[in-house]
Every structure is written in C-alpha cells, then in structure tokens.
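Below is one structure, written out as structure tokens, with a few remarks after it.
The values are calculated or read from the model by the stated rules, or taken from the named source; none is laboratory data. What you are looking at is a predicted structure, and each value in this text was computed from that prediction instead of being measured. Counting neighbours? That spans all protein chains shown, and the Cβs are built from the backbone with ideal geometry, glycine included. Accessible surface areas use protein heavy atoms only, side chains included; no ligands, DNA or RNA. Shrake-Rupley method; radii C 1.70, N 1.55, O 1.52, S 1.80 Å.
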Amino acid sequence: MSAVRLLLLALLISAAAIMGCSANSANIYPLPKAYLHYEQLRSRLTEISRQDPNLAQLHVLGFSSTEELPILALQIGKAQAQRNILIIGQHHGDEVLGVELSVALAEELVQKHDKDKLWGQVMDEYRVFIVPTINPEGWKRVCDGEYQFKRKNNRDTNKNGHLDLRSDGVDLNRNYPVFWADQVPVPPGHANFKGERPASETEVQAIMELAQRYHFDLAIFYHSSSTGAFSEKIFLPNRINGDEELGQKLDELLIFAQDYASRVKKDYQKGYYHVGEGNSSRVGNARNFFFHTYQADAFLVELGGINSAGISVVHPNGKMKDKIVTKHLKALRQILSQRAKRK
Ligand SMILES: [Zn+2]
C-alpha cells in the first residue's frame, strides 16, 4: 500500500472513531464531576453568599413533598432595590443545565456587581432570587447515577408503598394552581402527571409563598428538552383570546423574549434560539401561574441543543456545559441591564 493510501486509511479510521465517539458521548451519564451534584449545592450557595453577606443571603424556601429535602434559594440584592426577579433553574430532575446556569448567575452577580457596569445596573434596580432547583428529590437521583431521566418528584403516586423510580412522582410544572383543571388528566405513571389536586406538592407551595410575598417583575424558568422537540426555544405564557390588556402585555413580553433568544447561538446548529410560535400550553405550569396570577413577565427557556447526529444533548460534556452557561450569562447581562434602565 502506498504511503498516500495508508494516510487516507488512517484518516478514515480516525474520522469514524470521532463520529462514533461524538454520537456515544453526546449525552454523558452518570454526570461527570464538572456538574454540580446534590450534595454540593448547599455548600456552594453558602460559599457564594459568604463572598458578600450584605448582598447575598441563603434561604430555605420549604421542603420537598416526600423526602423533605430543603429547597434552597439565594436572595441577591441591595436594600434599596426596587424590583424583583426570580430565576428557577429546575423543575424537572433530569434537566440539569438550568441548575448550572442559575448557580453561575448567582456567582456572577455577587462577584461582578461592583466591577462590571452592566451587572451594576442590574443590581441597582433589582433584587434577584435564584432557586437552582425546586425538585431536589428528582435531581438527587439523577446526580446519584440512579436514573438519567428522573423528571418528577418522588411521591409514591401509584401508592404501592415504595418509589418506582421510572414512573412515580408528580410533574411539578403541571401542579401550579392555574389552568390546572384544563389539562386532560393522565395516569399517575405519566411523565406529565399533574398531581391529585392543584398545588398538592410542597415544592410548588414553597414557590407560591415566595410569589405572594414578593411581587416579581420578571420570572425565568429553565428547562431542557430530552426529546429535542422544544430545544433552544423560549416559551411564553398562554394567551387568553379576548383579554386585550394581558394580550398587550404578552406582546411586550414577546419582544423582550425575542431579544434574549436573538443573543444566544444554538449549541451545534447554525442560527439562534427563538421564541416558540403559536399559543403556549394552557396547563398549571410556572409561567402561567406567575403571569396569570401576578401579571409578572414570565417565560421558560429550553437549554441544550441538537447535535449533527440529531441527538438532543441535555447532559453535554463539561466543556459544552460551560459554553452554554457562558453564552446565557452574556445574554442575561445585556437584557437585564437594559430592562433595569427601563422604568
Ligand atoms: Zn422541564
């Protein structure tokens, strides 16, 4: 075989290896060390709050429904802040990118509010509540390597006396007390099981109490689409036909969300995030609760993209995870500082 042929063969073999490797390692599970794990969350948030105790305080908002795990939040802001923002990194246990992003945002705010002009503008106006996860039960199982796609909490919904990891649990983002009855009921083992009654879950009650106590100007909820059906999109609250005032508010929110989307490049494909078209679902989810109960601007962001092999990557390697976090922080810095200047 000629040297040229040998070289070509070697190239082909390495290309195949790379392609095979990228398909296999698109989603990495168990989660690598680069990801924050359940056991580390409290100490990590404590560490962030200690960097500037006057600015950032750690709170326990409540406890999970079955295992009574704490739902932790960082409150970051100056006493004179006029308005409030809520960031929830996770409702669904397997959607871990939002946990990473929300903790990184907390760190960024604490470390840069007095060094960076735009973050400074945000902190002059806003108090930011960061809740990395409202589903510690689900997330813990994902972190422990027990089940990669543990979405719901750990309620024994089929009432057989023990946890069926793959089917038990309530979908916390269907349990909010708004439009709850509008969702067509599904069996308890279904991924979208909404619970036996509105706000049956203590995780959701903790967020409702927070919403009642603080008027939120803006609430952002991070998710990831493991099927890929919703990847790299932003979803607004449900639009009620005939309600002109709320309709106008949604039109303004659409522009704000589009600004966010247009600043975030897709992970693997060409182009940018975009805002989901058409009316969004009329179910008891967080964005509907905040918008329709408190008229807070609220939307959902789906983190994680589809790679060249068509795989939805929601558990990327550490390097891609960091890239995703960085580009969202950059976009948030821009859109939140502009919003802070708008009265
Ligand atoms: Zn989700």
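Computed with a 1.4 Å probe on the full set of protein chains, the accessible area for H223 sits at about 10 Å². Per residue, the average separation of C-alpha pairs within less than 8 Å and at least 6 apart gives the chain a relative contact order of 20 percent.
Can you give the local net charge around E302? Use residues other than it whose beta-carbon is closer than 10 angstrom to its beta-carbon, Lys and Arg +1, Asp and Glu -1. Walk me through the intermediate numbers first.
Values: positive: K233; negative: E95, E232.
That works out to -1.
Pair-distance distribution P(r) for the stretch 25-163, from all Cα-Cα distances in 10 Å bins starting at 0: 12, 40, 29, 15, 4, 0 percent. With the largest listed first and rounded to whole Å, the semi-axes of the equivalent ellipsoid of the stretch 33-341 from the Cα gyration tensor are 27, 23, 21.
Positive-end ranking of I240, T66, V110 along the dipole of the chain, with charges on Cβ about the Cα centre, is headed by V110. P(r) tail for the stretch 260-343: Cα pairs beyond 20 Å make up 48% of the total.
Counting only protein heavy atoms and a 1.4 Å probe, tell me what percentage of the chain's accessible area is made up of carbon and sulfur.
Values: 8240 of 15550 Å².
Looking at the chain in its full context, I get 53 percent from C and S.
Restricting to Cα atoms and excluding each atom paired with itself, what does the Kirkwood estimate give for the stretch 106-234 in Å? Its Kirkwood hydrodynamic radius stands at 17.0 Å.
For the chain, what does the accessible surface come to per residue with a 1.4 Å probe? Please give it in Å². Intermediate values should be presented prior to the final figure.
Details: 15550 Å² over 343 residues.
Accessible surface, normalised per residue, equals 45 Å².
Helical content of the chain, expressed as a calculated mean residue ellipticity at 222 nm, amounts to -12500 deg cm²/dmol (DSSP H runs of 4 or more residues, -39,500 (n - 2.57) each, divided by residue number, nearest 500). Relative to the Cα centre, the charge distribution of the chain, modelled as +1 at Lys and Arg Cβ and -1 at Asp and Glu Cβ, gives a dipole magnitude of about 960 debye. Here the ratio of the Cα radius of gyration of the stretch 190-343 to 2.2 N^0.38 Å is 1.09.
How long are the semi-axes of the equivalent ellipsoid of the stretch 68-110, defined as square roots of 5 times the Cα gyration tensor eigenvalues? Whole Å, largest first. Could you put the intermediate results ahead of the total?
On the way: eigenvalues 97, 31, 17 Å².
Taking √(5λ) for each eigenvalue gives 22, 13, 9 Å, largest first.
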